[in-house]
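Novice: Pasting in a structure now, in structure tokens, and then I'll have a few things to ask.
The values are calculated or read from the model by the stated rules, or taken from the named source; none is laboratory data. These figures come from a predicted structure and were not determined experimentally. Cβ placement follows ideal geometry from the backbone for every residue including glycine, while neighbour counts extend to all protein chains displayed.
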Amino acid sequence: MNCVIGLTRKDAAWPSTLADLGYEVQVIEQSMRTSAGAQVKPDIIVTSNRLLHCVAFDCKGGKGIEQSQVKNYQGLTVTDLGRWVTVYDSSKLTHDVCYTTFHSNRDAISAQVGGFPLLAFSQEAITKVGKFSQRPIENEFDAPIALEGLRPPVNYYPFSEIDEDAVIIPRILRMLVQLALQTARGGESALSDATFTSEEIVSCLHPYWKALSLDQRSRLKERVSRIIHDLLKAERGFRESLKELEDRKGVKVLATLQQLQREAERIAKEMEMQERIVSYFGQ
């Protein structure tokens, strides 16, 4: 998913192919009903106001696709998508469904996508099978896009509600320290349940919060709130350092910030090690 989102960003570390055509991410993992009454759930939907075109991407990690899903996507219409995406002239909106996969799976997947275009990612290039309906995007992907020397992006879509705590906790730790610093300047306390369960606070952790489905937002908010609650309960030293920072109110806070950084690094390393041990023993 990050590889596709990266194409919508202006970043020297990854091709900006979709961004150059005006595409932006509008919807992530939203289940929707087609006019034919079927359910589909694209991983990412990007739209371009410039082209009045949207692409619903379905990202595949394996070599198989359920043909019922392909059939459901074949029934997906612009009207169906128009309920979820916004362009300045919806009456002229067009769309494509596009599958993505790893290069090693390209041949197997391309035989199953029912005529939809397919983008395949390898360490060397992005290659395309099939055709997009709009000439500008078709032209951009018609020839392989070189990836040599580039690293797949990992931070555009940093985590989901199903990722391990070790993936989410470092971001939560940074957020809590920032909140405590704001409290010292007159903001709300980082230790208040009302603060860390608010959507405004949780949304700051995820750059694509607005694009997430409502169900995802709810699950992610619940997950983050639980992690913070458990973290502050278990890590008394970190909690006390947060409280000390909040109470300083204008006094020099460098020493306390340094202590919090050390605490945060320790917690993150311990959590990462714990996840590795659990993964190693298959528990």
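Here's the yes/no breakdown for (1) touching a Ser or Thr at 6+ places or on another chain (Cβ under 8 Å); (2) assigned to a loop (DSSP other than H, G, I, E, B); (3) surrounded by 18 or more Cβ atoms within 10 Å (Cβ to Cβ):
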| site | (1), (2), (3) |
| --- | --- |
| Ile5 | no, no, yes |
| Thr17 | no, yes, no |
| Asp20 | no, no, no |
| Val25 | yes, no, yes |
| Ala36 | no, yes, no |
| Thr47 | yes, no, yes |
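Novice: Does any residue of the range 70-80 turn out to be closer than 16 Å to Leu212 by Cα, touching a His at 6+ places or on another chain (Cβ under 7 Å) and part of a helix (DSSP H, G or I)?
Specialist: Checked against the condition, which is being closer than 16 Å to Leu212 by Cα, touching a His at 6+ places or on another chain (Cβ under 7 Å) and part of a helix (DSSP H, G or I), the range 70-80 yields no hits at all.
Novice: Looking at the range 26-42, I want the residues that are assigned by TED's automatic domain parsing to the domain that holds Cys59 and under 17 Å from Gly82 (Cβ atoms) and have a partner that is surrounded by 13 or more Cβ atoms within 10 Å (Cβ to Cβ) and hydroxyl-bearing (Ser, Thr, Tyr) with Cβ atoms under 8 Å, at least 6 apart or on another chain. Which pairs are those?
Specialist: Once the first residue is assigned by TED's automatic domain parsing to the domain that holds Cys59 and under 17 Å from Gly82 (Cβ atoms) and sits in the range 26-42, its partners that are surrounded by 13 or more Cβ atoms within 10 Å (Cβ to Cβ) and hydroxyl-bearing (Ser, Thr, Tyr) give Gln26/Thr47; Val27/Ser213; Gln30/Ser213; Ser31/Ser213; Val40/Thr34; Val40/Tyr73.
Novice: Separate question: Scanning for something basic (Lys, Arg), in contact with a helix residue (DSSP H, G or I) (Cβ under 9 Å, 6 or more places away or on another chain) and at pLDDT 95 or above, does the range 56-66 turn up at least one residue?
Specialist: There is no residue in the range 56-66 that is basic (Lys, Arg), in contact with a helix residue (DSSP H, G or I) (Cβ under 9 Å, 6 or more places away or on another chain) and at pLDDT 95 or above.
Yes/no matrix, rows are residues, columns are (1) assigned by TED's automatic domain parsing to the domain that holds Leu21; (2) outside any helix (DSSP H, G or I); (3) not acidic (Asp, Glu):
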{"position": "Gln123", "(1), (2), (3)": "yes, yes, yes"}
{"position": "Phe132", "(1), (2), (3)": "yes, yes, yes"}
{"position": "Ile137", "(1), (2), (3)": "yes, no, yes"}
{"position": "Phe141", "(1), (2), (3)": "yes, no, yes"}
{"position": "Arg151", "(1), (2), (3)": "no, yes, yes"}
{"position": "Tyr157", "(1), (2), (3)": "no, yes, yes"}
{"position": "Ser160", "(1), (2), (3)": "no, yes, yes"}
{"position": "Arg171", "(1), (2), (3)": "no, no, yes"}
{"position": "Met175", "(1), (2), (3)": "no, no, yes"}
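Novice: If you take the residues of the range 146-182 that are farther than 22 Å from Ile267 by Cα and buried (at least 19 other Cβ atoms within 10 Å of the Cβ), which of them is modelled with the lowest pLDDT?
Specialist: Tyr156
Novice: Moving on to the next point. Which of the residues belonging to the range 128-173 are among the acidic types (Asp, Glu) and in contact (Cβ under 8 Å) with a residue 60 or more places away in the chain?
Specialist: Glu140, Glu161, Glu164, Asp165 - these are the residues of the range 128-173 that are among the acidic types (Asp, Glu) and in contact (Cβ under 8 Å) with a residue 60 or more places away in the chain.
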